[in-house]
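To start, the structure under review is shown below, and the notes come after it.
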Amino acid sequence: MTRPIISGINVETGQIVEREYNDEEYAQYLADIEASKDLYPEPPA
Amino acid sequence: MAIDFPNSPTAGDTFTVGGKVWAYTDGKWAINAVAGVGVFTSSTRPTTPYEGQVIYETDTDLSYVWGGAAWQQVSGGTAVGNSGLVYIGAYSASATTLFIDGCFTSTYNNYMIVFESTNVTATGSFMFKLRASSTAATNNYYYGGLQYFTNAAAAAAQGSNDSSMLFSAATGASYTFASISVSRPYIAQPTPITIDSTSYYSNYAGGSMRGYHGLGTAYDGFQITMNTGATITGILRVYGVRQA
């Protein structure tokens, strides 16, 4: 199973990074989704 | 070669000869690289300027234009070259997390981030995080604010020691615009953050958040993710607020 992609640039060096989440980032990603899933519900109909 | 200037010129007249542009000002013809532009000091400004005449003062480093009744400073309180936002960098991609590192330095106290998103693959809210040495800060975000709707009163939003600062919601191809201000992120002190954003879809109108990151840590970058893990298609631009 592939993990989400993180993509960005270091503007000091010009280095562009595009890779899958590492273990720490992936664990935080799952925790963020769980912690905030009930925040900001759909706008009123 | 003698130059045969026009007779009876009036202030503001220009005359081109041999590839050179002359402008008639202060009762005489003066040569200028660009018509109407002159170099003076604050004590030697033209005494009979013409409307639209532009001068540069070497003692104040300011530019002025004659508006017909007074000299109007072209810029604000500082010289043109020293005012406004200074572009630092940008990044555009489609990914779950978009980031820019190496953008916060001691060169500027305050930074403006402009975020635009044209698509997200799942409905959710954007999360802003600071980064240090390529690693996101994942706690200590304290903030409060409002989420706005077009058909209902605004709803309070808040976070205390959260893992990010949440701001605008978005869905599908709804266009999102966010203006994110960050103050002194490079100093190892709590970092003030304000985010104003809008993403128009259904009855949603946007969000306004203000708060701070509470750790005394220096940061050199930032990232944006969605709380649903959606893929974001967007662009980040970061600017420094010039100080002098």
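If you take each beta carbon of peptide B:223-235 and count the beta carbons of other chains within 10 angstrom, what is the mean? Before the final figure, lay out each step's value.
Details: counts 4, 1, 7, 3, 10, 4, 5, 1, 3, 1, 0, 0, 0.
The per-residue average across the peptide is 3.
Taking R0 as 22 Å, what's the FRET efficiency between B:ILE31 and B:ASP4 from their Cβ-Cβ distance, rounded to 0.05? List each step's numbers first, then the result.
Numbers: r = 15 Å, r/R0 = 0.69.
For B:ILE31 and B:ASP4, the calculated efficiency is 0.90.
Rounded to the nearest 500, what is the 222 nm mean residue ellipticity of the protein assembly as shown from helices alone, with -39500 (n - 2.57) per DSSP H run of 4+ residues and division by all residues? Let's see the in-between values first.
Numbers: 1 runs with 14 residues, N = 289.
-1500 deg cm²/dmol, from helical runs alone.
Sorted from largest down, give the three principal axis spans of the alpha carbons of the stretch B:87-177, whole angstrom values.
43, 30, 22
From the backbone phi of the stretch B:5-12, what are the Karplus-calculated ³J(HN,Hα) couplings (6.51 cos²θ - 1.76 cosθ + 1.60, θ = phi - 60°) in whole Hz, Gly and Pro given as x?
5, x, 7, 6, x, 10, 4, x
Other chains near B:94-100: what is the mean number of their Cβ atoms within 10 Å of each residue's Cβ? Each step should come with its number before you reach the end.
Details: counts 3, 7, 9, 8, 5, 6, 4.
Shielding by partners across B:94-100 averages 6.
About the Cα centre of chain B, what is the dipole size in debye to 20, counting +1 per Lys and Arg Cβ and -1 per Asp and Glu Cβ, all else neutral?
Working: 9 positive and 12 negative charges, 103 e Å.
Dipole about the Cα centre, nearest 20: 500 debye.
Given H placed on each backbone N at 1.01 Å, which residues far from B:ASP26 in sequence or on other chains put an amide H within less than 5 Å of it?
Hits under the 5 Å cutoff: B:THR48.
Please give the average number of partner chain Cβ atoms lying within 10 Å of the Cβ of each residue in B:49-59, rounded to a whole number. Write down the numbers at each step before the final one.
On the way: counts 0, 0, 0, 0, 0, 0, 0, 0, 0, 0, 0.
Counting other chains' Cβ atoms within 10 Å and averaging over B:49-59 gives 0.
Mind checking the dipole of the protein assembly as shown: about its Cα centre, +1 per Lys or Arg Cβ, -1 per Asp or Glu Cβ, Debye to the nearest 20? Numbers along the way, then the final one.
Details: 12 positive and 22 negative charges, 54 e Å.
Result for the protein assembly as shown is approximately 260 debye, rounded to the nearest 20.
Between the stretch A:13-35 and the stretch B:173-233, how many Å separate their Cα centres?
When both Cα centres are located, 17 Å separates them.
No lab work stands behind these numbers, since they all come straight from the coordinates. On a predicted model such as this, the values are computed, not experimentally measured, just so you know. With ideal geometry, Cβ positions are generated from the backbone for all residues, glycine too; neighbour counts draw on all protein chains shown.
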